[in-house]
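The values are calculated or read from the model by the stated rules, or taken from the named source; none is laboratory data. Computed from a prediction, not measured in an experiment: that's the story for all the values here. Positions of Cβ are backbone-derived with ideal geometry, glycine not excepted, and every protein chain shown enters the neighbour counts. SASA here: full protein model, heavy atoms, side chains in, ligands and nucleic acids out. Shrake-Rupley method; radii C 1.70, N 1.55, O 1.52, S 1.80 Å.
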Amino acid sequence: MTDPTDVPALEQALSGLTARISSLRDARSAYPGDPAPTLDAALVELDTARDLLRASIGELGKSRRRSGGKESSSNRELKLLRTIYRTMPVPVIVLDTAGTVRRVNAEASRLLGSPDGYLTGRAFPLLVDVSRRAAFRSHLTSVLNTGETAAFPTRLAHQGRAHNVRLVLTQLRMPGEPQEMIAAVALPVDVRMPEAGQEAEPEQAPEESLLMATARRQALMSQLTRLLLDEESLSEPVALIRAGRLLASHTADWVFADVLRNGAAQRSLVIGPTDQPVARLVQTLEQMDPSAAPLISHVLDSQGGVVQEMVEDDSLLGVLPDGTPVLHATRAGSVLSVPIQAGDETHGVITLLRLRERPPFGLADLALLEDAGAHIGLALRAQHVFQGRSQAADTLQTGVLPRTLPDVPGFDTAASYHTGAGPRAIGGEFYDVFRVKDGWGFAVGGVVGQGDEAASVTAMVRGGLRTLSVWEDDPGAVVAKLNDALVAQDTGMFVMVAAGFVTPGRRGGRVRLASAGNHPPAVLKSDGGVRFTSGGGMPLGIETGAEIPVEEVSLALGETLLLYSDGLAGSRGRSGQAELAYGEGRLTEVLTRCTGQSSTAVVKAVDEDHQAFCGGQVLDETTVLALRRTR
């Protein structure tokens, strides 16, 4: 054994140790398929390094005691010993009796991928793989109680690096320290390397790495914003699923979303690693009560995010029915959880997990996820507003459209109504078939506008047509009185209407039509010809006493009368580079192909052709009503 008081001998021993370790590394690289001889020799060198370090530190303590803690001629030896510790070519970590890192030499910093200043003050057990922490604590306690050295295999995981090492714990007393310390000497046995044929990524300068990380975070937030602003994301499950998948693909292995409903947290989403067989585990996690997870409750109560670079408590997300901690079952090494908020409103919690072998979450990730939580919160608030308006739209729509069409003697009737693409708007178009004084009435129309007010005006027009038709036997008179009522109400909205009366049996196929600014109805004749009525007139609600044109149309057996809204005739489509209106010309072509068909078939054909014309994206409301004489 080298005399620790012989400085030149120490220098020579350290130099020899450094050379031998370098040779062992070369041998491992040259003969990766036969690591056993290299490993045996490496363990011998590890013992040599331990003994050298222990003797040197012991002599350092004696020297300090001899000098009474004052600078003396031995100061050079103390500096040399410190230099030996810092430059020793094996990883050495000095721990206190609680297992907290006090000092780290350069080789240990290189192994763990973090500077010594970052590691100092951290709990060393957090650097040990979760499955082996209990064993490490037992060895540490044994060394403290017995004073005997412990050597055992274990696994260190930090900053995305995972190392199988042989760890040696030995007790020592550091000069100037009131309590005993523990020297942990680690020799890597196996390091996770890139797969064969896969080149390692070149190291980047710190500034370049920081810029790249910032750019990636900005790109992620940009993608998230686009997803949440998409129309389909106005459905809560869609927004959460899309956001969760995006986060899982870019920054996490597990994603949990827990949403507040009626004041209680309910699990809404669980996404696990796609390259692992975790389907059953995901199903179990989806059924768990998030309020039983301490971490979720803490985030909801504190309204603040939490990041744990290394999992300290496996029970943070609760336990599975079999008693296994969730974080243990998911192999989580790092946890990040933030509230889903919109202003002062909290909608839930989103939690991300990274596996033990991946780089841990940091403060930058916490800031990123807090922004993401705010974006998701705003999206959920928008969804709640949208859903409320959609329910109001459905309620108002029942006053605009009939639930079913009544049976009109001698006629086959059919109708269709489409709200158009985009978010569910409260529309202004309507159709109706109803009883009148001496027969049946029908109408198609629409308010110029959308929203709650437009729907209320539409409901008023539909109700007015039904009410006035009880006393009037002419559609022109009904529409004229309705116009004067709208002007008196001063709604500020105009209404286009085409309405007609038919008296089955008495006058055969005679139909009286009144028009107020609506497109002229079309008549599909039994020989395939198509003609349009006169139509015309002024929209309702502009001025009192407006003249309402009325005409009489005769429908032969098998002929069809088609009424349609401006949303159909005026919709736009593309033919090559030109933008065209659907118009009466295209409607004529469709109707010609429907000769002899039922009203339902005619309405369906018009709808399908209109969809094809618009490329499947119908932007405006469309309303179609068909009446075919059957006897």
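What the table shows:
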read-out: Simple spin-label estimate for Asn164 and Ser138 in nanometres, 7 Å along Cα-Cβ; value: 2.0
read-out: Cβ-Cβ FRET estimate between Asp289 and Phe152, R0 fixed at 35 Å, reported to 0.05; value: 0.35
read-out: Distance between modelled label sites at Ala612 and Thr404, nm, 7 Å Cα→Cβ extension; value: 3.3
read-out: Cβ-Cβ FRET estimate between Ala374 and Ala106, R0 fixed at 35 Å, reported to 0.05; value: 0.25
read-out: List Leu227, Leu366, ordered by accessible area with a 1.4 Å probe, largest first; value: Leu227, Leu366
read-out: For peptides 530-537, 543-550, 597-604, 496-503, sequence by mean Cβ density within 10 Å, most packed first; value: 496-503, 597-604, 530-537, 543-550
read-out: Accessible surface ranking that places the most exposed of Val385, Val618 first, with a 1.4 angstrom probe; value: Val385, Val618
read-out: Paramagnetic label zone (point 7 Å from Cα along Cα-to-C-beta, Asp322; backbone N under 19 Å) in the range 273-296; value: 273, 276-289
read-out: Sorted peptide list for 351-360, 131-140, criterion being average Cβ within 10 angstrom, highest first; value: 351-360, 131-140
read-out: For the range 518-612: Kirkwood Rh in Å [reciprocal of mean 1/r, alpha carbons]; value: 14.8
read-out: Most to least packed among 463-469, 319-325 [average Cβ atoms within 10 Å]; value: 463-469, 319-325
read-out: Inter-site label distance for Leu172 and Ser249 at 7 Å from Cα along Cβ, in nm; value: 5.1
